[in-house]
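A quick write-up on the structure given underneath.
The values are calculated or read from the model by the stated rules, or taken from the named source; none is laboratory data. Predicted model, so just to flag it, every value in this text is computed and none were measured. Here Cβ is always computed from backbone atoms with ideal geometry, including for glycine, and neighbour counts include all displayed protein chains. Quick note on the areas: whole protein, heavy atoms, side chains included, nothing else; ligands and nucleic acids left out. Shrake-Rupley method; radii C 1.70, N 1.55, O 1.52, S 1.80 Å.
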Amino acid sequence: MRFRIYRYNPETDQKPHMQEYVLEEIQPGMMLRDALLKLKEQDETLVFRHSCGEGVCGSDAMNINGRNGLACITPLESLKTPVEIRPVPGMPVIRDLVVDMGQFYHHYRAIKPYLIVHDPEPEVEYRQSPEEREKLDGLYECILCGCCSTSCPSFWWNPDKFRGPAALLQAYRFLADSRDQATAQRLEELEGPYRLFRCHTIMNCVNVCPKGLNPTAAINNIKKLMVKDMV
Amino acid sequence: MRAWLIQRLSAVYLSLFLLYVLFWWLTTDRLSYTEWRQLIGQPFMAVALGLFFSALLVHAWVGMRDVLVDYIPHIGLRFFILIGVALFLLALGIWAALILVAVVMI
């Protein structure tokens, strides 16, 4: 199986280039991450992030044949050869397939991804009915791999100002939480033309999310909350 | 938020009005110039058309602004083009208003 992999080492390379690799021993059911590990045995200088190997940690997000995804849950059988692998688009490349996720995490931090409660803390747990809990389904599963934000044109054009689908999905995760009491404050923070409203429902995020989540729907729900808040 | 809401509301009006016009166009015979003037001269039609042009211009303004904010990162250039777009839309608006007023007045 043939691979073309984006290589860039800022210490030795002037520019990035694509390098060809061939992997002979392909076992059935092999994932792309396994192949990359085998290729790393051939060429130890190849660098990529990975950890859990089962689509839970979100470390090995990369652009596979033009589409963002997690290498560890992408079966080799599903890929056309030569498999072209690049780092996720729109992020500063540190080396090969490793990108600087600093800005992505900055936006995540900015939406305050934790419960904010103004009342005195209860002596027991925060109570939540099963119906209220159900509202968090499709939101809490996000693993912050960054596939969505890095496939979003609005995020490419304004990565410093637009929060991006991942952070906005999480913003809605806390807005939708019955235990959170900072709705007004959260909505206020997302006001303005950039942070939320650069989303033009392009839906690349929905298309690529390896967990099958729908950030566009979450963003629309935030907009609805804003309208409700205003009326 | 306001811009987005205006965009949505104007879109609703535009699509409803266009559907109405399409329906009307398919079910009516060709009109002569005088019949046209009569039709637009009716208060209901004049107001609906006035609203249509306002909605159209506002919709175009918000949309163009969105596109320019996305694709023209240079603030000075963006501002310059925005002013151009604003003047153009304003001119169209005044033109449409003048025509409507002229038709209704006579």
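Answer with yes or no whether B:G76 is surrounded by 13 or more Cβ atoms within 10 Å (Cβ to Cβ) and small (G, A, S). So B:G76 does not fit the description; no. If the requirement is being within 11 Å of chain B (Cβ to nearest Cβ) and surrounded by fewer than 21 Cβ atoms within 10 Å (Cβ to Cβ), which of these qualifies: A:G192, A:G212? Among A:G192, A:G212, only A:G192 is within 11 Å of chain B (Cβ to nearest Cβ) and surrounded by fewer than 21 Cβ atoms within 10 Å (Cβ to Cβ).
Return the only residue of A:T45, A:T12 being more than 21 Å from A:E77 (Cα to Cα) and without any contact (Cβ under 8 Å) to a residue 12 or more places away in the chain.
The match here is A:T12.
In the stretch A:195-209, the qualifying residues are those that are part of a loop (DSSP other than H, G, I, E, B) and more than 14 Å from chain B (Cβ to nearest Cβ), and the one that is most open to solvent (accessible area, probe 1.4 Å) is A:M203. Selection of the stretch A:85-137 for residues being more than 14 Å from the chain's Cα centre (by Cα) and among the acidic types (D, E) yields A:D96, A:D119, A:E121, A:E123, A:E125, A:E131, A:E132, A:E134, A:D137. Being open to solvent by 20 Å² or more (accessible area, probe 1.4 Å), away from every other protein chain (no Cβ under 14 Å), closer than 30 Å to A:V99 by Cα and outside any loop (DSSP other than H, G, I, E, B) is the requirement here; does A:A167 meet it? Considered against the rule, which asks whether it is open to solvent by 20 Å² or more (accessible area, probe 1.4 Å), away from every other protein chain (no Cβ under 14 Å), closer than 30 Å to A:V99 by Cα and outside any loop (DSSP other than H, G, I, E, B), A:A167 comes out as no.
Within the span defined as the stretch A:72-79, every residue fails to be under 13 Å from the mean Cα position of the chain (by Cα) and within 18 Å of A:G29 (Cα to Cα).
For A:G102, the requirement of being surrounded by fewer than 21 Cβ atoms within 10 Å (Cβ to Cβ) and touching a strand residue (DSSP E or B) at 6+ places or on another chain (Cβ under 8 Å) is not met.
Screening B:L89 against (1) hydrophobic (A, V, I, L, M, F, W, C); (2) open to solvent by 90 Å² or more (accessible area, probe 1.4 Å); (3) closer than 22 Å to B:A3 by Cβ leaves a single unmet condition, (2).
Looking only at the stretch A:25-55, residues that are within 21 Å of A:R7 (Cβ to Cβ), in a loop (DSSP other than H, G, I, E, B) and not polar (S, T, N, Q) come to 7 in all. Answer yes or no: is there a residue in the stretch A:57-70 that is open to solvent by 60 Å² or more (accessible area, probe 1.4 Å), farther than 18 Å from A:T150 by Cβ and part of a loop (DSSP other than H, G, I, E, B). Looking for residues that are open to solvent by 60 Å² or more (accessible area, probe 1.4 Å), farther than 18 Å from A:T150 by Cβ and part of a loop (DSSP other than H, G, I, E, B), one finds none in the stretch A:57-70, hence no. If you go through the stretch B:1-50 and keep only what is open to solvent by 50 Å² or more (accessible area, probe 1.4 Å), within 18 Å of the chain's Cα centre (by Cα) and within 14 Å of chain A (Cβ to nearest Cβ), you end up with B:I6, B:R8, B:L9, B:V12. Under the condition of being in contact with a strand residue (DSSP E or B) (Cβ under 6 Å, 6 or more places away or on another chain) and in a loop (DSSP other than H, G, I, E, B), the residues counted in the stretch A:75-88 number 4. Could we say that A:Y140 is of a type in the set (S, T, Y), in contact (Cβ under 8 Å) with a residue 12 or more places away in the chain, in a loop (DSSP other than H, G, I, E, B) and more than 14 Å from chain B (Cβ to nearest Cβ) here? Yes: the conditions hold for A:Y140.
Considering A:D119, A:D137, the condition of being at pLDDT below 95 and loosely packed, with under 15 Cβ neighbours inside 10 Å is satisfied by A:D119 alone. Reported count of residues in the stretch A:170-189, each being in a loop (DSSP other than H, G, I, E, B) and facing chain B (nearest Cβ under 10 Å), is 0.
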